[in-house]
Every structure is written in structure tokens, then in C-alpha cells.
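For reference, the structure is listed below as C-alpha cells.
The values are calculated or read from the model by the stated rules, or taken from the named source; none is laboratory data. This one's a predicted model, so the numbers in the text were calculated from it and none came from an experiment. Backbone-built Cβ (ideal geometry, glycine too); neighbour counts: all protein chains shown. For accessibility, only protein heavy atoms count, side chains too; no ligands or nucleic acids. Shrake-Rupley method; radii C 1.70, N 1.55, O 1.52, S 1.80 Å.
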Amino acid sequence: MRSIVLVSAALTLWCASSAPAKDNFTANHVAQQRTVMAAEIAPNGDQVAYLLAVPRRPFVEDNGPAWVELHVVDAAGASRPFVTGKVNVSAIAWTPDGKGISFLDKRAGDKFRSVYVIPLAGGEAQKAIEHEADIADYSWSPDGKRVAFTAPDKEPADEKELKEKGFNQEVYEEKLHDNHLWIASPAQANVWQEPDKVAKPTRFDLKGHASVVHWSPSGKHLAVSVAPTPLIDDDFMKRKIHVINADDGSPVGIVDVPGKLGPYCWSPDGEQLAFLAGATINDPNPGRLMTVPATGGAPVDRLPELIDGDVTGVAWRDNDQLVYLSDRGVTTSLGTVTREGTNQQVLVPFGAHTFSAMTLSKDGARAALVSDSPQHPAEVFLLLPTDPTPRRLTDSNPWLDDTNLAKQEIVTFKARDGLELEGLLIRPLDEKPGQRYPLVLVVHGGPEAHYQNGWLTAYAQPGQLLAAEGFAVFHPNYRGSTGRGVEFSMKGQNDYAGKEFDDLVDAVDHLVDAGLVDKSKVGVTGGSYGGFASAWCATKHTDRFAASVMFVGIS
């Protein structure tokens, strides 16, 4: 018996020593990291089309953003590539009959971004709608015979001539052109027709700059968001939803959006619109779930009791019930509520998941979700009526199974004025008890944004890369962040670089007091508003920060 035990122990040690060692996370891993960008479930719920961002290969391909490919995965997790390679697919949608997938792309030989359709059964993508300028957004009529899209007019001849002569400088918010609303039949834009026989799309004259368009389920109406001008402030703060007749463009109603406008959608009976918006013009985040009659009028907040969180996604399950995503702190919940704001139910509770997108099958029974975690970037998940929790369908980065990942945890701390805050800490990979480590503070932009307890490593997000090099990495959700309701997201207003940036220093002090961080070795980085914060920390608090990397911030 003693000999058997010794042999067994020897075999165990041999197996352990012969197992391949895992790699530590490096910059090369960042450069091969693939991420799901969007997912659209098929009308019957059996397939999910998704966009996959694929980074360019360093030193092999020219510098540039990641390629964006189209893939389709079924409910069993079998994924097939549809449009891949050096492509930039966007705005995917299923054709109304569910037999094809449409998308926007500018392919070889195209002058402008066009609508393409690829059959689910396979084959080459065919151009369905082309225009004399880039198409920005589009929507299918329920019968599949027409497409509404937003795009500008053809570029004026004098501007084109000047560009060809070298006057092609990009001057911010100069020579902007309104996007208009157009309707065309896919047959009208068939690339094999004689040019003089192709009917021109119909343009509806809506005063202002049109952006997102949705065709009503009845086919009678269109809902299109319109801003007074293409200027960025108008596009952010002054968009309203115009409902018009799909045949002649005559007005039906205008939705009085109280603040910023987020996504919106039709009820199946075409009687109501659900949308996300800011509570007021001063609310920095479109995080309130509202409904309104399609004829227009004043919208009603259907989740007024959600004062410590924000709604991030919405879809109609049926004529009476809405499905919504909401963020509270650093995690996400999936729930339902009636169109009257009653009978609220939780399908997936807060605490375990972070979701960034959701779509429903036509019968509302199945949901496709995009979700990431501390263990992986965004992937496609599926929730069935019989499932207690969403089921992962895709695995875009199998190499992560052979990579050491540092521990990530939620940290709560108090600001100097007593306000409770939280953030996400990635601990040093090979942390030893009692030892202090250098820290890099990563500040999010916005400030109307927040970090979720998901994957925090990407271009300009050092996360696991620095943790593998022996750094602690902290992502604070300072006051003014989203995810905690309207009041919290407004706490940084009229006090720029005031208490909101004091929160950053207080976060560092908390980690120093906890015994983890070496106070003399603290760095800071971030993009946009986080870049502004990085510059502020490097100057106002130069005695507190040993290094700063500012990314696209106001200096």
C-alpha cells in the first residue's frame, strides 16, 4: 500500500510538472484580442448575427482601426463566418423574411457606404441600396419591399472640385451637411440595371438633420430622430422623434424628448414608442425608460423608482410588456415592465453580469445579449425562457485559456466629504502579502460613463497588461459617472476638476491606506475627459503622481 501511495504521488508530481505553463499577458495579446461589437437575433430566434472586431496584425498590415467582420452563431454555439477579411461591416439587421442579413459597408469599387444583403443560406453579398453619398442608417419596411435610410445629398460640384485641387483640410464643424430621409426599393438600386433606368430614391424633406430611422410594424409610418443642425451639441441635446407617413412623408406627430435621446423602438401594434432619454435637459445621460403614443406628446418615465441606476437598453416583448437592461453600479440587470410601468420583474439580477446590448426574437421569447467579464472580452450570449441565466455562445479568444489573468475585484471607498464611491481593482499578477506595489489610475471619459465589472484591457486600457508587469490598476467611478442614477451623474456639474477629481486622489489614498500601493509610485492615464483628468493630476497634483499619460484630452 505504501508503494502504491508513493507511485501515485510521483505520477501526480510528474503530471503537474509536465503540464504546459501559462503565458503572462503581454502587448501582443492586446493586439490579437477580438471583441464582439453588436449582435442581432434572427426573427425566429434560431440564429444570432454578430459583428466581430479583429485587430490588424502589427508590422504585417498598415496601421489602422480593427477590421469588423460579420459572423452568425446558432443556439448550439456553432459559429460561421459570413463576411471576413479587410472589411468594415456595420449596422447589421435581418431582412424581414429572416432569410438574409443586411449591413452597411464600402466595398471594392464603391464610392460610398451602401446597404448590402447576404443570404443566410450562403453566397456572396449583393448590393441592395446605393446612394450618391454615405448611408448613415437604414430600416426595412415590414414586407421587405422598401428601405428607408438617412444620408446627405450628393456633394456639391464646387466642393468636390476644390477638394481635388487640395482644399481638403478637415475643419471641425465647418461645411457640415444635413442628413435627409430617403426611401428606395432594393430593385431601384440594383447594380446590374442600366443607370438611366434606375429610379431615384424619394427624399422626404424634414427640417433639420436626420439620424436614426425605424419603420413601424404596420408599414404605415416611420419614426426618425431629427436635430436642428448637424452640430455636435444639437445632435447630442436637441434630437426629437418625428413620426411621419411612410407613403408621402406627411407629419403624424413629434415626440417631445426632455433631454438627450438614446435608442428607441416601436411597439408591435405600432401604437407606442419606447425610448431612452435624459430626465431633463441637464441630465447628462439618456438613462430613463419612457413611452409615448406614436402620435406624439409628452413621454412618461416607466421606471421612476430606479433612482440609483440607469436603463441602457429596451425592446418590446409584446404590445404590453417591455424588456430592458439597467446598470446599477458596476453590474447589469435584465428585467421586464408593462407599458404602463407596472408589474416589474427581474429576469437576470444585478451582481453577476455586465451587458452592453440586447435584441429579442419576433415572439419576444429569446434574447441575444452582448456580455463581457473579468475573464473575457465581449461575447454573444443567449437567454431562453427555460434558462435561469444567459448562456454563452461564442469564444472569440480561446488563447485566454492558456493565459494567466490577474484577480479583479470591486472596491468601495469614501471620498473626503463622505460620499461612497466604487471602482474596479486589478491586483498585481504575482502579488505577495505585505508588499506594496506601483499603481496606475485609469480614469474614464465622459464624464457621463462608468466602468463595469467586465473586461478592462484594450487599446489605451492597460488592465491585465500592467498587472502582469507587477502593477496594481484601479478604475474609479468618480462622482459624475453614470450607473447610479440622475442625481449622482449630475454631482460633477458646475465644478469641473473640483470634487470629481478629488475623488481620484481619495481613491489612491484608500489603496495606500489598505497597504497595497506605494504612495511614491502612482501613475495616471485616461482618454477624453480621462485625459483632462490625467493632465490635471500631473499639474495640480504633481506631488502625488509620478507619471501621467494623457490621451485625447483637453490640455
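Only aspartates and glutamates eight or more places from K260 in sequence, or on another chain, were considered; those with a Cα closer than 18 Å are D233, D234, D235, D283, D301, D310, D327, E448, E487. Computed on region 394-545, with alpha-carbon pairs under 8 angstrom and 6+ residues apart, the relative contact order is 27 percent. Once all protein chains are placed together, D97 keeps about 100 Å² accessible to a 1.4 angstrom probe. Probing with 1.4 Å while keeping every protein chain in the model, the per residue accessible area of the chain equals 48 Å². Determine the shape class of region 106-242: with a ≥ b ≥ c the square roots of the Cα gyration tensor eigenvalues, call it rounded for a/c under 1.5, and otherwise prolate if a/b is greater than b/c, oblate otherwise. Note, shape of region 106-242 comes out oblate. The apolar share of the surface of region 385-472, taken as the fraction of accessible area on carbon and sulfur atoms (1.4 Å probe, ligands and nucleic acids excluded), comes to 50 percent.
Ligands, DNA and RNA aside, I281 has an accessible area near 90 Å² when probed at 1.4 Å. Is the shape of region 269-327 rounded, prolate or oblate, going by the alpha carbon gyration tensor and its root eigenvalues a ≥ b ≥ c, with a/c under 1.5 for rounded and a/b larger than b/c for prolate? In terms of gyration-tensor shape, oblate.
Helices in the chain, meaning DSSP H runs of at least 4 residues, each add -39500 (n - 2.57). Divided by all residues, the mean residue ellipticity at 222 nm is -3500 deg cm²/dmol.
The listed residues T403, T539 rank as T539, T403 when sorted by accessible area, largest first, using a 1.4 Å probe.
Shown are H177, H214, H29, whose ranking by accessible area with a 1.4 Å probe and every protein chain present, most to least, is H177, H214, H29.
Taking 7 Å steps out from each Cα toward its Cβ at Q321 and E271 produces label points 1.8 nm apart. Computing FRET efficiency as 1/(1 + (r/R0)^6) for K111 and R416, where r is the C-beta to C-beta distance and R0 is 60 Å, gives about 0.55. Over 23 Å apart at the Cα level, from the set K86/K111; K407/K521; K432/K519; K127/K220, are K127/K220. Which shape class, rounded, prolate or oblate, goes with the chain when its Cα gyration tensor gives a ≥ b ≥ c as root eigenvalues, a/c under 1.5 marks rounded, and past that a/b bigger than b/c marks prolate? The shape class here is prolate. Shown are S361, S90, whose ranking by accessible area with a 1.4 Å probe and every protein chain present, most to least, is S90, S361.
Each Cα pair under 8 Å and six or more residues apart adds its sequence gap; the mean of these over the residue count of the chain is a relative contact order of 10 percent.
Straight-distance candidates among the lysines for linking to K540, with alpha-carbon spacing under 16 Å and chain neighbours fewer than 8 residues away dropped: K499.
Multiplying the residue separation of T542 and E487 by 0.36 nm and removing their Cα-Cα distance gives an extension gain of 16.7 nm. In this view, the solvent-accessible surface of K200, computed with a 1.4 Å probe and all protein chains in place, comes to about 150 Å².
Could you please state how large a percent of the accessible area of region 195-260 is carbon and sulfur, counting protein chains only and using a 1.4 Å probe? Ligands and nucleic acids excluded, carbon and sulfur reach 56 percent.
Hey, what did region 212-301 get for relative contact order, percent, Cα under 8 Å, at least 6 apart?
22 percent
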